[in-house]
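The values are calculated or read from the model by the stated rules, or taken from the named source; none is laboratory data. Note that this is a predicted model, so its numbers are computed, not measured. Glycine also receives a Cβ, built like all others from the backbone with ideal geometry; neighbour counts cover every protein chain displayed.
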Amino acid sequence: RVVSCRHKGPSVPMGGGVVRGPLVKVLLGQLVLPLLSTAFAPATPSPVFALRVALAHRMYPGLRRLASSGTITMHTGQLPAERDSEPAENKTVKVHSSTCALIPPDEAWGQLQALRYQLEDSGLYRWPPHVNLLYPFVVESDIADTLEPLAAALKHIPPFTVTLAEFGLFTHKKTATLWLRPDISPDPMALEKLQQALQDAVPHCNEQRLRHGGQFTAHLSVTHFDTAKMPISECETLRDSLQKTWTPVTFTCSEIHIMTRSGQRGQFRRRARLFLGGGGEREKKSNMS
């Protein structure tokens, strides 16, 4: 089943009363803090990061989904022949402005987004919580051509349960990435099979395995560190500390999404979703604007 969609985050009250004081305090009180649910521990980011998120929230309503569930609005119509900012010369071009990813359902966002906010994840605005399956992906004008083969690849893969319980740490030359490992049940290999099926459907989008010796390392990124400012040993200490108090997040994966962004700093937005198990009737592809 293939459904293209456009996400519209709901409006979120800005909090009661009037916050008085310096500009940063007003922004924190009326724009940022109301985004954080009382269901999870309050975040304590730096004022500079909080201000940046507050301003981004004011300009980009999609960021309101930090604490609130969103809705998927269905549309009917045809996918337009939009051209990615990195034009394609052939069908093997891959770009970092599109991805095929697993996105947790809205009800699983709260704890994940609160942690990313607290740890000042540089990708907080650009990316929703996600596990990349095919990234980089095809240029936007070629997405419509991938939907049918991708949907066919998912037809025999049933939905499965994902639990984010254990933290990991990738270390790079100058940075480190804190991430959560998806544990899968009832079939522990279901996510591995899902990714392989998608890659078989779009073979040139093989970066997720090519970079890791043919292996797929599923991960949900939480935050990134500059190791010149925060040594690896401190990153490991933080990882271990978070592990002691972390409450696992569990959800059902029954669909995956295609996302794209515009420009180098644009926000990734859902453009199409594909259902596992071939459930439901096929719906017409929609306007991807």
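Below are the figures for this structure:
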{"quantity": "Scope segment 216-235; condition more than 21 Å from the chain's Cα centre (by Cα), polar (S, T, N, Q) and in a loop (DSSP other than H, G, I, E, B); matching residues", "calculated": "227"}
{"quantity": "Scope segment 116-128; condition of a type outside the set (Lys, Arg) and out of contact with any strand residue (DSSP E or B) (no Cβ under 6 Å at 6 or more places or on another chain); matching residues", "calculated": "117, 118, 120, 123, 124, 125, 127, 128"}
{"quantity": "Of the criteria (1) loosely packed, with under 12 Cβ neighbours inside 10 Å; (2) under 30 Å from residue 93 (Cβ atoms), which one residue 209 fails", "calculated": "(1)"}
{"quantity": "Entirely in segment 37-151, the strands (runs of 3 or more DSSP E) that have 2 or more residues that are within 29 Å of residue 163 (Cα to Cα), modelled with pLDDT under 75 and hydrophobic (A, V, I, L, M, F, W, C)", "calculated": "71-74"}
{"quantity": "Residue among 182, 188, 159 that is farther than 18 Å from residue 130 by Cα and not aromatic (Phe, Trp, Tyr)", "calculated": "188"}
{"quantity": "Filter pass, residue 238 being among the hydrophobic types (A, V, I, L, M, F, W, C), out of contact with any Phe, Trp or Tyr (no Cβ under 7 Å at 6 or more places or on another chain), in a helix (DSSP H, G or I) and touching a residue at least 60 places away in the same chain (Cβ under 8 Å)", "calculated": "yes"}
{"quantity": "Options 170, 160: the member that is surrounded by fewer than 18 Cβ atoms within 10 Å (Cβ to Cβ) and among the aromatic types (Phe, Trp, Tyr)", "calculated": "170"}
{"quantity": "Residue list for segment 126-171, restricted to those being within 17 Å of residue 272 (Cβ to Cβ) and of a type in the set (D, E, K, R)", "calculated": "140, 142, 145, 148, 155"}
{"quantity": "Residue match in segment 225-244 (condition: surrounded by 18 or more Cβ atoms within 10 Å (Cβ to Cβ) and in contact with a Lys or Arg (Cβ under 9 Å, 6 or more places away or on another chain))", "calculated": "no"}
